[in-house]
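> Dropping a structure here in structure tokens format, bear with me for questions.
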Amino acid sequence: DNEAGRYKESYSKLRNWVHSSLDLYKTELLRILYPVFVHCYMELVAKGFAQEAREFFQSFRDDHQPQHIRDLQKLEGVITPQHLQENETACTLQENKVHVKMCQYSFELLLQYLQSTESMLMLGIVNSHINLKAVLPGQPAALLDDDESSSLPAKVQAVVEATNQKEIHWGILEGSLEDKFEKQIAAELEKADADKDAETDEAKKRAADGKVKKVKRDKAGKGLKAEPAARSVPRLKPELTMPLLTDDFERQALDDLRNRVKLGSTALPSVSCYTFVNTNNSLNCASISADGAYLAGGFSDSAIKLWDMVKMGEPSMYSDAGKQSLNKRPTPIRHYIRLVGHAGPVYGVDFSPEGDSLLSASGDCTIRLWSTRLNANLACYKGHNYPVWDVQYSPVGHYFASASYDRTARVWSMDRLQPLRIMAGHLSDVDCVQWHVNCNYIATGSSDKTVRLWDVQTGECVRIFTGHRSMIVSIAMSPDGLFMASGDEDGAIMMWDLASSRCVTPLLGHTGCVWSLAFSGEGSILASGSADNTVRLWDVNGSSKVTADKTRRLRLLKTLPTKSTPIYTLRFSRRNLLFVAGAFSPSKGH
């Protein structure tokens, strides 16, 4: 008679039993509470108990708020049977069994409880909607940090496992600036060794004559040996036609690489922080050119503001018009250029490697190309059907990738107005995009809590990374192309081994959305910028090499707090100077 009340009573008893279990098994048993909770709620709604469903939802939602806040917000509005058919999250939960992994003993404990208490209602939900995968042998402690413990739908898990078996090719791009630099160093080392051998032979000849006893080792040649010997990353030919770099840019870039500061746990980078003030919460995104010469910001009023940082350092100047007028106060010259062309908010901006052009992504569904020298719009790329959240140049320029609300990522070239490839497969909008260093792959982060890796040549998904508990908003690739870092809306960062698609280590510490990630030039340090007003520096070499130890964490080297500035973007220059940008957001008390 009291069918609605049975759901609350049965779930409450199951919840109390789980929380009173031994700590050794409690962590695993807690994983079943959320899927049981949402299916109890949806069954109450389906049977027309709207008021009872609302009371049930409010009674237990706090238990699941920290880890499943996004899904709970979507399910909260489901109050009628029709809503169950229309709500995307509810449909996904109804159509797919949730995959929960636990050890054999925890599985037997749960089964024994359900049978001994004759809790047929809970047993029916577990059998119908949860795929309990018992692992033999194994203790719960060995499974705590397993990425599969995030309760994926069984069908999705099967797709993930099949996708991650595909063959992929890693390595640095053949003919890239890094490749040319290492070849230059190798040639200089070879020449230095030849000169040293010649000097040694001559010294031996003189020593035989009794003139010289010893020749000192060439210190310069010794110093050059360190960096190339440290890496044995394969070289890959590009699948796309690579653009030609100008001689001046290539010369300057190689000079920057030669003078790059070697960073590590004992040598932290210098940081230059640019702060936007008086934005009135209208700044959506920011980008800094590779040499730090330009800074761009995208605003909600559809405009882009471009700052020349060289002119910013000049002394205060006044316009001629202000000087000529005796009745008007002199007006300072603005050091930024306002670029107008979009018809909607600007959500993403990115500079080309050479810094001579700028891409912008907007809510008007378009991407625009701007010249930083002419301060003019050069092209408008149309292809997405909904707002474009992010855009990024490839490491060599010319090609770029975009991410959109239409659940696709697209690859473009500057000389064509239509996309070259369309990457479709995400279950929700694609929020960020990042190129692999060899330009053969792009990574996309989505609101479906997954990161996917795509083959640029075929448009095929070759890796799916699961483990985040909220939308992914930032991605970074290591310079050697072997690792990837991704940051989510809850402040969690995960370091991934691209070959095995497994999480090497989670990085915990941020308390706000991680909006930007960047690796240093040699890959020894990962920098993260967050909405919690801090920049954090992580020691990559400290633990990413020990992939077998899942519980190991990357060491936090330093936390750099700002007064009240959420970090929108950060990047390392070729000389390993860290550039940071954010919008000053004063608290209500100021």
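The values are calculated or read from the model by the stated rules, or taken from the named source; none is laboratory data. Fair warning: this is a prediction, and the values are worked out from it, not measured in the lab. Note that each Cβ is placed from the backbone with ideal geometry, even for glycine, and that neighbours are counted across all protein chains shown. The protein model used for the area step is the full one, side chains on, heavy atoms only, and it has no ligands, DNA or RNA in it. Shrake-Rupley method; radii C 1.70, N 1.55, O 1.52, S 1.80 Å.
> Mind grabbing the accessible area of Glu202 for me, 1.4 Å probe, Å², rounded to tens?
Surface accessible to solvent at Glu202 totals approximately 90 Å².
> Tell me, what is the 1.4 Å probe accessible area of Ile79, in Å² to the nearest 10?
Looks like 80 Å² after rounding.
> Could you please report the charge total around Tyr381, scoring K, R as +1 and D, E as -1 over all other residues with beta-carbon less than 10 angstrom from its beta-carbon? Walk me through the intermediate numbers first.
Numbers: positive: Arg368, Lys382, Arg410, Arg416; negative: none.
Neighbourhood net charge equals +4.
> So, in Å, what gap is there between the alpha-carbon centers of segment 265-300 and segment 438-479?
So the two Cα centres are separated by 24 Å.
> Taking a 1.4 Å probe, which of Arg416, Arg258, Arg251 shows the most accessible area, and what order do the others take after it? Intermediate results must be reported in sequence, preceding the final value.
On the way: Arg416 120, Arg258 100, Arg251 145 Å².
Largest accessible area first, the residues go Arg251, Arg416, Arg258.
> Once phi is turned into θ = phi - 60°, what whole-Hz ³J(HN,Hα) does the Karplus curve with 6.51, -1.76 and 1.60 give for every residue of segment 449-460, x standing for Gly and Pro?
Residue by residue, segment 449-460 yields 6, 10, 10, 10, 10, 10, 7, 5, 5, 9, x, 8 Hz.
> Name the residues of segment 27-60 whose amide N is less than 20 Å from a point 7 angstrom out from the Cα of Gln112 along the C-beta direction?
In segment 27-60, the label zone of Gln112 (backbone N under 20 Å from the point 7 Å along Cα→Cβ) covers 27-33.
> In percent, what relative contact order does segment 1-146 have, based on Cα pairs under 8 Å that are 6 or more apart in sequence?
About 29 percent, as a whole number.
> Turning to a different aspect of this structure: How big is the gap, in Å, between the Cα center of segment 1-33 and the Cα center of segment 92-109?
14 Å
> For Ser300 and Asp247 in one chain, what is 0.36 nm times their gap in residues minus the Cα-Cα distance, to one decimal in nm?
Full extension from Ser300 to Asp247 adds 15.3 nm.
> Quick one: which residues, 5+ away or cross-chain, put their amide H under 5 Å from the amide H of Ser530? H built at 1.01 Å from N.
The answer is Trp515, Ile567.
> State whether segment 405-532 is rounded, prolate or oblate according to the following rule on the C-alpha gyration tensor (a ≥ b ≥ c being the square roots of its eigenvalues): a/c under 1.5 gives rounded; otherwise a/b larger than b/c gives prolate, and the remaining case gives oblate.
It comes out prolate by the Cα gyration axes.
> Something else about it: With the crude spin-label approximation of a point 7 Å out along Cα→Cβ, what separation in nm comes out for Asn541 versus Ala194?
With each label placed 7 Å out from Cα toward Cβ, I get 3.1 nm.
> Could you tell me which of the pairs Lys74/Lys101; Lys305/Lys449; Lys74/Lys166; Lys74/Lys558 are separated by over 29 angstrom between their Cα atoms in the structure shown? Don't jump to the answer; show the numbers that get you there.
Details: Lys74/Lys101 25 Å; Lys305/Lys449 32 Å; Lys74/Lys166 34 Å; Lys74/Lys558 37 Å.
Result: Lys305/Lys449; Lys74/Lys166; Lys74/Lys558 exceed 29 Å.
> Amide H to amide H, which residues 5 or more places from Arg463 or on other chains are under 5 Å from it, using H placed in the peptide plane?
HN-HN under 5 Å from Arg463: Leu453.
> Which order do the peptides 390-396, 456-462 come out in when sorted by mean C-beta neighbours inside 10 angstrom, highest first?
Working: 390-396: 23.0, 456-462: 16.6.
Descending packing order for the listed peptides: 390-396, 456-462.
> In nanometres, what is the gap between the two model label sites at Gln51 and Val271, each 7 Å from Cα along Cα-to-Cβ?
5.5 nm
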